[in-house]
Amino acid sequence: MRFGSSQWLWALWAIPLIVGFLVWVTRRRLRLATLFAEPSLWSRLAGPDPAWPRRWRPVLLVIALVFLIVGVAAPRWGARAVMLKRRGLDIVVALDVSKSMLSADVKPNRLTFAKREIASVLDRLSGDRVGLVVFAGDAFVQCPLTLDASAARLLLDAVDVGSGGRPGTELDEAIKSSAGMFDQNERQFKILILVTDGEGTEGEPLDAAKSAAQEGVRIYTVGIGTPAGEPIPDFDEQGHPTGFKKDENGQVVLSKLDEITLEKIALAADGQYYRAGPSQMELDALFKELSTLEKKELEGRLFTEFEERFQYFLVPAFVFMTLEMALPLVRRKDGDAGKNGREV
């Protein structure tokens, strides 16, 4: 036997206390009655005393409480096999981990902000498979497609600048690596969410986006940063700040969000561009868009389900309580036409 709310079973420990209290009350009542008058006098004053109702009422009450507690604990038995099917999309999130993502035009910096955005995406997933790609000058699969969003969350936490190999921002490599994670035999159900500032893009991302679209991949781009931009901080080997990145002329490099490139990539792959903000309204819009797409059956799992049997205990509890209340509280004098006198 299993219980859906087993914490209620702890209340059974109160049953001995209740029994002890009822015994104490009964003995105290008899002791007080004896102080008032002898038993023979009570019999002459109040008539014959049917003792069985007084003895059985506490017994019925205790039995009803036991059944009630067990019933509330939701007992279950009688297992049956149930097939649970999931429907969803295959979603790959590609995260930019280039040095420009250390710029602090969104707080505390672009990379940390982007990771929070992706964590919110993972929290909102329901029945979808998710994968994670990190990229800078190269692209790497950080997490293959999985139904376990919590595992993807752990791998996301480990991501930092430098996880994407050599310096640079190769959006085309990110798109190609992400597209390669999907089932090549399908022409739908494929979603790529590209999270980047788009700054310093190398290669041919538009060509890569068009090729991915031909394979059935929709690309949604999420821009991290601001068009006004922010300098890129430099750090020493110990991680201490040493100033800002400069060009060959000694001028501080200003990293700006490249919205035009990101809009073109999304347009080429039948997707949409969103700029990330603190309110995460872009995620609301993104998931509203995804909810309109057709979903596929991703996995069927066999689960064991136990039948609820609480009624087998609550019904007897009600019956015993009714019997307890139905037993007479009073005794009558012989020949007394309906006049009752309550027991002391």
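Couple of notes before you dig in:
- Qualifying residue in the stretch 308-327 (condition: under 23 Å from the mean Cα position of the chain (by Cα), at pLDDT 60 or above, in a helix (DSSP H, G or I) and not aliphatic (A, V, I, L, M)): no
- Residue within the stretch 95-110 that is under 25 Å from residue 216 (Cα atoms) and at pLDDT 90 or above present: yes
- Condition check for residue 289: part of a helix (DSSP H, G or I), modelled with pLDDT under 95 and buried (at least 18 other Cβ atoms within 10 Å of the Cβ): no
- Hey, residue 235 of a type in the set (A, V, I, L, M, F, W, C), out of contact with any helix residue (DSSP H, G or I) (no Cβ under 9 Å at 6 or more places or on another chain) and either touching a residue at least 12 places away in the same chain (Cβ under 8 Å) or farther than 28 Å from residue 288 by Cβ (or both) or not: no
- Residues that are under 22 Å from residue 56 (Cα atoms) and modelled with pLDDT under 80, drawn from the stretch 1-26: 26
- Single condition residue 234 does not satisfy, out of (1) assigned to a loop (DSSP other than H, G, I, E, B); (2) within 18 Å of residue 104 (Cβ to Cβ): (1)
- At least 2 residues being small (Gly, Ala, Ser) and surrounded by fewer than 16 Cβ atoms within 10 Å (Cβ to Cβ) is the threshold, and among the strands (runs of 3 or more DSSP E) wholly inside the stretch 63-172 those reaching it are 75-88.
- Residues being under 41 Å from the mean Cα position of the chain (by Cα) and not in a helix (DSSP H, G or I) - total across the stretch 237-273: 15
Residue-wise test of (1) in contact (Cβ under 8 Å) with a residue 60 or more places away in the chain; (2) surrounded by 14 or more Cβ atoms within 10 Å (Cβ to Cβ); (3) of a type outside the set (Phe, Trp, Tyr); (4) within 30 Å of residue 291 (Cβ to Cβ).
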residue: 189; (1), (2), (3), (4): yes, yes, no, yes
residue: 194; (1), (2), (3), (4): yes, yes, yes, yes
residue: 203; (1), (2), (3), (4): no, yes, yes, no
residue: 212; (1), (2), (3), (4): no, yes, yes, yes
residue: 222; (1), (2), (3), (4): yes, yes, yes, yes
residue: 226; (1), (2), (3), (4): yes, yes, yes, yes
residue: 229; (1), (2), (3), (4): yes, yes, yes, no
residue: 245; (1), (2), (3), (4): yes, yes, yes, no
residue: 253; (1), (2), (3), (4): no, yes, yes, no
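- The test for being without any contact (Cβ under 8 Å) to a residue 60 or more places away in the chain and either in the same structural domain as residue 269 (by TED's automatic domain parsing) or under 30 Å from the mean Cα position of the chain (by Cα) (or both) does not hold for residue 99.
The values are calculated or read from the model by the stated rules, or taken from the named source; none is laboratory data. Source: prediction; values computed, not measured. Cβ atoms come from the backbone with ideal geometry, glycine included; neighbour counts cover every protein chain shown.
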